[in-house]
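Values in this text are rule-based calculations from the coordinates and carry no lab data. Just so it is clear, the structure is predicted and the values come from calculations on it, not from any experiment. Note that we place each Cβ from the backbone using ideal geometry, even for glycine, and neighbour counts take in every protein chain shown.
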Amino acid sequence: MPTFSVHKSIRIAAPAQQVYDLIRDFKSWPAWSPWLLAEPGAKLAYSDDGRGYTWDGSITGSGEMEITGGDPPWSIHHRLTFLKPWKSVNQVAFHLSEHDHETDVEWTMEGSLPWFMWWMRPMMTAWIGSDYGRGLKMLKDLVETGTVPSRLDFPGIEEVKGFRYVGVRSTTPTAEISTSISRDMGKLMAWLEASRNTPSGPPFTITHKWDPVKGVADYTIGFPLTRDVQIPTDFVRGEIPSCRAYVVKHTGPYRHLGNAWAAGMMHGRAKKFTTDKKVPLFEIYDNDPTVTPEADLVTRVHLPAK
């Protein structure tokens, strides 16, 4: 059977014992699990001895996780069994090391795919790696602040009125997406101020391509603009057509926006909607990050639907 291996890590400003205790407590997982966030209504059940839990949902599928060993507070080992959408057993572990009252946390998975899915190994490794990265960011917030500032709401299918726009298109490594978008937004804001043009709506980002295997993103960040104006040579014009879209609303810092995208994709795979590939994916930013506390930032992710 085709095997895969995932390793992701993060540094948390807390002692190893504090981090370990939170990881060890399965009842804390709904707050930082990168999967359970997509389906708050999934059914969870915990073993009496606290060494395992099961889940069952229409989005997350079903399965169970059980502690199999470890060296507290430096490591903990799990057996992760998926029952739906397909059966598989994977070995999961957390490894902790402490440095000056901070803790490096490494989350690993060793697993396999059904033989007929061998071609999905690179994509599966990238997907799980991305999920692990999101989960570790939430774990860090939970340990350091006591809460995870990332909330998802699922309005579902909405009718979206189309608009013309002016923007900046860039291709960048996915690891540098935040820096790249901030740079391009700065260029847009400077141009709007200098040209005295007023947008007709909030800013947005279009995802033309997101390649998790190669780690490359192709996007356009822009503003709706109803009138034709002269633009710099490195800017682009375009139009988002009127469309139907499955909307996922994220409230919280932009660093957790991946939660909304991952949840939307999971809902699509669960047949909550049918993707319309003729219209690109896009997200709209409802408020101004320069005056809005990051915990109150609202972003609406749009997944065009038939």
The Kirkwood hydrodynamic radius of region 71-166, taken as the inverse of the mean 1/r over all distinct Cα pairs, in Å, comes to 17.0
Roughly how many Å is it from the Cα centre of region 29-78 to that of region 145-170, as a whole number? 29
Of 247, 216, 19, which is the most mobile in a GNM of the chain whose springs link Cα atoms less than 10 angstrom apart? 216
For a quick check: with amide H placed at 1.01 Å from N, whose amide H comes under 5 Å from residue 156's, ignoring anything fewer than 5 positions away on the same chain? 247
Work out how much length residue 269 to residue 198 would gain on full extension: take 0.36 nm times their residue separation and subtract the Cα-Cα distance, in nm to one decimal. 21.7 nm
How far is helix 258-269 tilted off the main Cα axis of the chain, in degrees rounded to 10, range 0 to 90? 80
Take the Cα gyration tensor of region 17-116, multiply each eigenvalue by 5, square-root it, and list the three semi-axes largest first, rounded to whole angstrom. 24, 16, 13
Apply the Karplus curve 6.51 cos²θ - 1.76 cosθ + 1.60, θ = phi - 60°, to the phi angles in region 179-190 and return the couplings in whole Hz, x for Gly and Pro. 5, 5, 5, 4, 4, 5, 5, x, 5, 5, 5, 5
Rg and Dmax in Å for the chain, alpha carbons only: what are they? 21.0, 68
Among 8, 87, what is the fewest-to-most ranking by other Cβ atoms within 10 Å? 87, 8
Step through the residues of region 77-82 one at a time and calculate ³J(HN,Hα) from phi using the Karplus curve (6.51 cos²θ - 1.76 cosθ + 1.60, θ = phi - 60°), rounding each to whole Hz and writing x for Gly and Pro. 10, 10, 9, 10, 10, 8
For residue 68, which sequence-distant residues (separation of 5 or more, or a different chain) have an amide H within less than 5 Å of its own amide H, given hydrogens modelled in the peptide plane? 77, 78, 79
Take the residue pairs 27/306; 187/209; 137/278 and return only those whose Cα atoms are more than 30 Å apart. 27/306; 137/278
Semi-axes (Å, rounded, descending) of the ellipsoid equivalent to region 155-305 per its C-alpha gyration tensor are 24, 18, 16
Cα to Cα, under 17 Å, and not fewer than 8 places away if on the same chain: which aspartates and glutamates meet these conditions relative to residue 214? 131, 176
Short version: ³J(HN,Hα) in whole Hz for each residue of region 61-74, in order, from phi by Karplus 6.51 cos²θ - 1.76 cosθ + 1.60 (θ = phi - 60°), x for Gly and Pro, what are they? x, 9, x, 8, 10, 9, 6, 10, x, x, 10, x, x, 9
